[in-house]
Structures are given as C-alpha cells and as structure tokens.
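Quick notes on the structure that follows.
What follows is calculated from the coordinates using simple rules that are stated; it is not laboratory data. Because the structure is a prediction, the values reported are computed rather than measured. Here the Cβ is made from the backbone with ideal geometry for all residues, glycine too, and neighbour counts use every protein chain on show.
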Amino acid sequence: MFYDTLKKIRLVPVVVIDDAELATPLAEAISAGGLSCVEITLRTDEALAAIKTMAARPDILVGAGTVLTLDQAKAAVDCGASFIVSPGMSPTLVDWCLARQVPVIPGCATATEIQMAMEQGLETVKFFPAEQLGGISMLQALAGVFRAMHFMPTGGITAGNLLHYLALPQVVACGGSWLVKTEWLRDKKFVNIRQEISKAVELLNNTLTR
C-alpha cells in the first residue's frame, strides 16, 4: 500500500525540473543516494515528460506535485504518476483520485481544510507550507485535535529540522526541496544531489538505530 511505503521512506525529494532529458540521471542520483521516491512538481512544461521517463523505472516511485487542476491530475496519471500531491484541498480533485484508487495528498493549512479532507475519507494530508504556517508547534496543535490524521509536512523542511518533524507520531514523511536544488539540476551536478540525499538517508538511518 502506498501510505505504508511512504512511512518506510520517510523523505520525499520535491523537484522542479526544466529539462526532461535530465530525468534519467536525476533518478539514478536519487536511487544511488538511497531513496526510492520523488515528487516532480508540475511547475514547468517539461514536468510531465520527466514523470513519464522516471515512472518507467522499477527503482523509484514517482508522484506529481503542485497539481492544481483535474486535467493536470489526469495527464500526470496518464504519464505514469503513482500518486498526486496538491498544494491545496480540492474536493473535485480528491474525489477523482479516490474513484480511481490513485493515492492523493492534498495540501492543508487550516483546521477547516483538514476536516474537509477527513470528511472525504482521507487519512493523510500535506501540511503546507509547513515552516511559514508556524512549523512544528502549529502542526502539534493541529495533530492534537485531528488525532486520526497523518501529515506530510512540506515547505521549509531542511536537514536541520527534518528529524524534529519526523519525531511527531502523526508525521509519516516529509517533502524536501533542499535535496535537489534547482541550480544543481540545471548545472547537472548529480554528484551533489546524490551526496545530499545520502547524508539525509544516513541521518534517518542513525535515528532508527538509536
């Protein structure tokens, strides 16, 4: 099940990609670094092509992020996206995904949006933008009310605060854009990407062995 896999992975690189030809070496860098999941944001014209390329690989689970419309969701799934992440709570988008058994993680910033997600039967939402909304203290307050809800904080997550978020019982994973910096990708610095991911994975593994 996707959400069980997410709990095991615990960290999802969030990527903005401008050149689909970089999708293969990017996937190789992510996999070599020790992660098996990526969220490709639909912020560029090349994103869908990148999703299609990466989704053909057996070693990485590819999702589409920044999904704003139903048409974008359909296109992403057609290209092989295994899950959908949106910045906000769209009942129409959620309904479409649920009807097709496509895992969907809508962004929620308020108690109202979280309650809407619960009413649609969701158990996991994206807390976004996490740091700008008040960070861990805000998430703790929301989690205390919505005890059955699980969260994937995204927005402002770094190596410095990652473990603090993951220490919250209801946090299943975090989304991190710092792992694949736009300039690294643009300049084809895949070694930097692999090394940054490796450091994050080592950080995660060390917490498991304590």
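Before we move on, is Glu196 surrounded by 12 or more Cβ atoms within 10 Å (Cβ to Cβ), of a type in the set (D, E, K, R) and either within 18 Å of the chain's Cα centre (by Cα) or closer than 27 Å to Leu68 by Cβ (or both)?
Working: surrounded by 12 or more Cβ atoms within 10 Å (Cβ to Cβ): yes; of a type in the set (D, E, K, R): yes; either within 18 Å of the chain's Cα centre (by Cα) or closer than 27 Å to Leu68 by Cβ (or both): yes.
Spelling it out, Glu196 is indeed surrounded by 12 or more Cβ atoms within 10 Å (Cβ to Cβ), of a type in the set (D, E, K, R) and either within 18 Å of the chain's Cα centre (by Cα) or closer than 27 Å to Leu68 by Cβ (or both).
All but one of (1) over 24 Å from Cys37 (Cα atoms); (2) touching a residue at least 12 places away in the same chain (Cβ under 8 Å) hold for Phe83, so report the exception by its number.
(1)
For region 145-163, which positions are under 21 Å from Glu39 (Cβ atoms) and either free of Cβ contacts under 8 Å to residues at least 60 places away in the same chain or more than 17 Å from the chain's Cα centre (by Cα) (or both)?
Here is the first cut: in region 145-163, the ones under 21 Å from Glu39 (Cβ atoms) are 149-163.
Result: Met149, Phe151, Pro153, Gly155, Gly156, Ile157, Thr158, Ala159, Gly160, Asn161, Leu163.
Quick check, is Arg57 closer than 23 Å to Phe128 by Cα, among the charged types (D, E, K, R) and surrounded by fewer than 24 Cβ atoms within 10 Å (Cβ to Cβ)?
Working: closer than 23 Å to Phe128 by Cα: no; among the charged types (D, E, K, R): yes; surrounded by fewer than 24 Cβ atoms within 10 Å (Cβ to Cβ): yes.
Answer is no for this residue.
Which condition number in (1) more than 26 Å from Glu46 (Cα to Cα); (2) of a type in the set (Gly, Ala, Ser); (3) not in a helix (DSSP H, G or I) is the one that Ala141 fails?
Evaluating Ala141 over (1) more than 26 Å from Glu46 (Cα to Cα); (2) of a type in the set (Gly, Ala, Ser); (3) not in a helix (DSSP H, G or I) leaves (3) as the failure.
Assuming Thr154 fulfils every condition listed in (1) more than 24 Å from Ala23 (Cβ to Cβ); (2) buried (at least 22 other Cβ atoms within 10 Å of the Cβ) apart from one, which condition is it?
(1)
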